[in-house]
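Read the structure below first, then the notes.
The values are calculated or read from the model by the stated rules, or taken from the named source; none is laboratory data. What you are looking at is a predicted structure, and each value in this text was computed from that prediction instead of being measured. Heads up, the Cβs are rebuilt from the backbone with ideal geometry, glycines too, and the neighbour counts pull from every protein chain shown.
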Amino acid sequence: MSEDRFTFIVDGKKVEATQGQTILEACDAAGIYIPRLCYHPDLEPAGHCRMCTCKIDGRRASTCTMSAVAGMVVENNTAELNADRRILIEMLFVEGNHVCPSCEKSGDCELQALGYRLGMVAPTLPYLWPKRKIDATHPDIFIDRNRCILCSRCIRASRTADGKSVFGFEGRGIQMLLNIDTKGRLDETALQAADKAAHVCPVGCIVVKRSAFHVPYGNRPFDEKPIGSDIEARRPK
Ligand code: SF4
Ligand code: SF4
């Protein structure tokens, strides 16, 4: 093993890592899937969604922001952590308005796919049915805030990859919403369909117009395989 390589333990298995890698990055490379929603490999990690929380030497922490350290012991795929993740997914479903059978993103939606993977049949929490705005003013992009899970991927992508800062958050707690620039209308912003921010949404909130339903239901990535399968396929046999 080279000098900057070391090992740590995940669910009883030895995982190799390189200095500077986060726990989540090292696990991805080793074929161990840690659930995540706000993480995107092309964006700086934010640690917002708490889905990738694991127990690290007995304490909970976000693995997308915490560096791997030699000898640390990580618990990931446990009944306790997956039950907590399932509750987080349920909360995201009831805090928004998600009607999967009519949603363009169904079958390619990370929220829906995680619900399936974690065994969520139907939310056990009461629906809040919030009133949230859509924005269809842009010629090429449509926004439906009913499906927004406040992951901040679009905010980070717009700021760092596109250099535009089209998106932000307004309000706090359960009232928090995706905000569009200071003018508040998508067609008055510099957002373009080719921007990174238009292509990183994990759910069906930001949709590029005229791209909908090009891939029919039934043939979409998570119709074929559970979310995380691509990462688990890297695991040595
Ligand atoms: S964004 Fe995902 S979870 Fe929400 S309605 Fe669409 S497919 Fe369902
Ligand atoms: S619009 Fe999509 S990418 Fe942006 S915060 Fe909402 S869910 Fe995340």
Completion exercise
Among 108, 144, the single one that is outside the structural domain of residue 64 (by TED's automatic domain parsing), touching a strand residue (DSSP E or B) at 6+ places or on another chain (Cβ under 6 Å), within 13 Å of ligand 1 (Cβ to nearest atom) and of a type in the set (D, E, K, R) is 144
Exercise for the section: Just need a number here: residues in segment 187-219 that are within 16 Å of ligand 1 (Cβ to nearest atom), assigned to a loop (DSSP other than H, G, I, E, B) and modelled with pLDDT of 95 or more. Expected result: 7
Handout entry: Criterion: touching a residue at least 40 places away in the same chain (Cβ under 8 Å) and buried (at least 18 other Cβ atoms within 10 Å of the Cβ) - qualifying residue of 113, 161
Key = 113
Handout entry: Test for residue 209: is it over 30 Å from residue 27 (Cα atoms) and of a type in the set (D, E, K, R)
Key = yes
Handout entry: Evaluation of residue 81 against (1) over 24 Å from residue 186 (Cα atoms); (2) buried (at least 17 other Cβ atoms within 10 Å of the Cβ); (3) touching a Gly at 6+ places or on another chain (Cβ under 7 Å) (one fails), failing number
Key = (3)
Practice task
Tell me which residues, restricted to segment 143-154, are over 18 Å from residue 209 (Cα atoms), buried (at least 21 other Cβ atoms within 10 Å of the Cβ) and of a type in the set (A, V, I, L, M).
Solution key: 149
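Residues checked against (1) of a type in the set (Val, Ile, Thr); (2) under 15 Å from the mean Cα position of the chain (by Cα):
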site: 149; (1), (2): yes, yes
site: 156; (1), (2): no, yes
site: 174; (1), (2): yes, no
site: 188; (1), (2): no, no
site: 202; (1), (2): no, yes
site: 210; (1), (2): no, no
site: 215; (1), (2): yes, no
site: 218; (1), (2): no, no
